[in-house]
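No value in this document is a laboratory result; all are computed from the given coordinates. Since this is a predicted model, take the numbers as computed values, not measurements. FYI the Cβ positions are ideal-geometry reconstructions off the backbone, even for glycines, and counts take in every protein chain you see.
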Amino acid sequence: MKKCGSLNKGLVNILASAVFASLATGCATPQAARHVDARDPWEGWNRGTQSFNDGLDDYFMKPLAKGYQYVTPSFVDRGVTNFFSNVDDIGVDAAKTYTYDPERGPVEVNATAQADLKLAGQTLLNIARDDFSDAVTQQQAKLLMRSLINHRLEYQPLRSRRIFRELMEL
């Protein structure tokens with residue numbers, strides 16, 4: 001468990017470095033480079049934004065992704081990847097109802113059929129677009145995630161509260 005503590009401290013250091021780098025880039029622009037071209041009056045802003053985004057990517061997002069890969073079990077990562085791949089592959093219809101087979105992906109079902117988990121096609125499309133603004137999408141995404149975790153853990157208890165409590169104590 002000590003690895004997570006050092007990972008957490010590393011992420012804090014990386015975040016602090018990203019903030020410093022983004023602030024320092026504004027000060028590092030030479031005066032000659034601030035000439036405004038009439039054809040592109042937003043060039044200075046665009047360059048500053050690009051520089052900030054590059055710094056954010058290098059010092060925060062890439063290390064965060066590596067940290068995610070480090071702490072995420074491979075079966076969870078594979079399940080998330082398969083989910084998004086399968087949604088694109090089968091051509092989900094927003095007006096139809098689906099269930100989710102962890103081995104096959106979304107499977108169309110009759111709206112009156114008995115299924116442990118029913119998902120609106122619109123929910124699947126929203127999840128694939130990373131759009132959780134709809135309350136129904138939020139509710140169904142939560143049920144889907146619980147279903148996938150239960151399947152992968154072979155219905156053994158997750159004990160997530162205990163895990164999070166232990167992580168907070170580090």
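Some notes on this structure:
- Likely footprinting exposure, 166, 103, fewest C-beta neighbours within 10 Å first: 103, 166
- Exposure proxy ranking, count of Cβ atoms within 10 Å, fewest first, for 72, 112, 99, 137: 112, 72, 99, 137
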